[in-house]
Amino acid sequence: MRRYRNSVVRLGFAISILAVGVCPAVALENHVTVESRTFYTGQTACTVGVFFENSVGLTGIVAPLEIREIDAGAYPASAFWRAINLDSRVMQASMVCTTFCPAGYTPLRTFATPHALTNCGGPISHDWLTAAANIDYSSPDAIFLALVSMSDPEVDEDYYLRPGSDGTLRDSAILRLGFTVSQTVGSFEIDTCCVRPANHLAYVDLNTQLVVPTFTKGIITISCMCPCLHDPNCDGISTDIEDVVETINVAFRAKLQIVDPGCARPRTDFDCNGVTDVVDAVRVSLVTFYGYDRATYYCAPCE
């Protein structure tokens with residue numbers, strides 16, 4: 001019985017090893033992904049990650065990115081910033097200088113004005129040449145990331161970016177962008193472009209050979225959210241006498257109208273013309289006291 005039991009144990013161990021051996025590993029790709037996100041109108045501290053994945057060791061990364069309107073007026077409005085993430089895996093390689101950097105070291109630049117000539121951009125994207133201190137918040141604008149190994153492979157084993165992936169968590173993205181969005185509902189995109197003379201999205205491997213990664217552009221949606229919709233005093237009851245009083249106070253008694261973060265209209269603006277006046281006071285009174293149709297007399301501030 002002992003010999004039989006030991007044989008069963010050995011057979012089970014062999015099957016376990018075989019099962020582990022045949023489990024397919026997740027294959028790495030050469031790919032760059034700009035995160036797609038939704039923010040609310042006027043939202044501050046908006047952050048978007050740019051994620052890199054490489055199946056080969058890299059000694060160079062070139063990533064020109066262009067910000068373009070899809071819907072007029074939907075765009076970053078202020079406080080734009082861009083940064084290489086010093087907590088990302090790129091810091092395991094000698095591709096980012098943080099101390100005693102060479103003069104003119106600029107691995108991350110911004111552009112505000114497209115170049116007049118077009119000889120390297122695509123049918124939609126633009127050419128860029130002259131860097132600016134920051135974007136100008138008028139579509140289009142561009143960001144240019146250029147990383148090159150700055151170490152000697154003879155003495156530094158970490159001179160290149162090892163095969164791997166940033167994953168999907170924003171805190172692990174090699175590149176991050178931030179801004180405050182406009183008050184306009186709509187979308188803008190972050191796509192690839194070209195920085196003259198011919199800098200397109202590209203990797204450089206350990207043999208200094210060009211590797212062209214695939215790319216997923218980011219779609220940034222600016223949405224509307226009105227937490228106190230048709231409820232000027234925001235008590236969760238839409239609408240009652242207190243809402244009527246609140247609207248009258250704003251319309252006739254100089255009380256300040258309130259615009260909630262993420263909402264395109266004041267709470268007391270029932271006709272969506274941007275101000276609170278006698279029309280709004282009449283509309284809320286008719287609905288509250290006389291049962292007039294809400295769908296007819298109350299506008300939809302997010303449309």
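Quick check: residue separation of Thr113 and Thr168 times 0.36 nm, minus the Cα distance between them. What number comes out in nm?
Result for the pair: 16.7 nm of gain on full extension.
Taking 8 Å as the Cα distance limit and 6 or more residues as the minimum spacing, I'd like the relative contact order of the chain as a percentage.
This gives 25 percent for the chain.
With θ taken as phi - 60° and the coefficients 6.51, -1.76 and 1.60, list the Karplus ³J(HN,Hα) couplings across the range 43-54 in order, rounded to whole Hz; mark glycine and proline as x.
My calculation for the range 43-54 gives 5, 9, 6, 7, 10, 10, x, 10, 9, 10, 9, 9 Hz in order.
Based solely on C-alpha atoms, express the radius of gyration and the Dmax of the range 241-297 in angstrom.
My reading of the Cα-based Rg and Dmax gives 10.8, 31 Å.
Could you bin all the Cα-Cα distances of the range 31-223 into 5 Å bins starting at 0 and give me the percent of pairs in each, rounded to whole numbers?
Over the range 31-223, the share of Cα pairs per 5 Å bin runs 1, 8, 16, 20, 20, 16, 10, 5, 2, 1, 0 percent.
Taking the Cα atoms only, what angle lies between the long axis of helix 2-22 and the longest principal axis of the chain, rounded to 10 degrees?
Once rounded, the angle reads 60 degrees.
Among Phe144, Phe270, which comes first, then next, by fewest other beta-carbon atoms within 10 Å?
Phe144, Phe270
Which distance in Å, rounded to a whole number, links the C-alpha centroids of the range 27-69 and the range 75-90?
If you average the Cα positions of each part, the centres end up 10 Å apart.
Estimate the FRET efficiency between Gln209 and Ala132 by the formula 1/(1 + (r/R0)^6), using the beta-carbon distance for r and 41 Å for R0, to the nearest 0.05.
The calculated FRET efficiency here is 0.80.
Give me the extension gain from Ala72 to Val26: residue separation times 0.36 nm, minus the current Cα-Cα distance, reported in nm with one decimal.
Taking Ala72 through Val26 to full extension adds about 12.5 nm, to one decimal.
Order the peptides 91-102, 280-291 from the highest to the lowest mean number of other Cβ atoms within 10 Å of their residues.
So the peptides 91-102, 280-291, ranked by packing, come out 280-291, 91-102.
Sum -39500 (n - 2.57) across every DSSP H segment of at least 4 residues in the chain, then divide by the residue count to get the 222 nm mean residue ellipticity, nearest 500.
Value at 222 nm, helices only, nearest 500: -5000 deg cm²/dmol.
Throughout, read-outs are computed from the coordinates displayed, never taken from laboratory work. Everything quoted here is computed from the prediction, not taken from an experiment. Note that we place each Cβ from the backbone using ideal geometry, even for glycine, and neighbour counts take in every protein chain shown.
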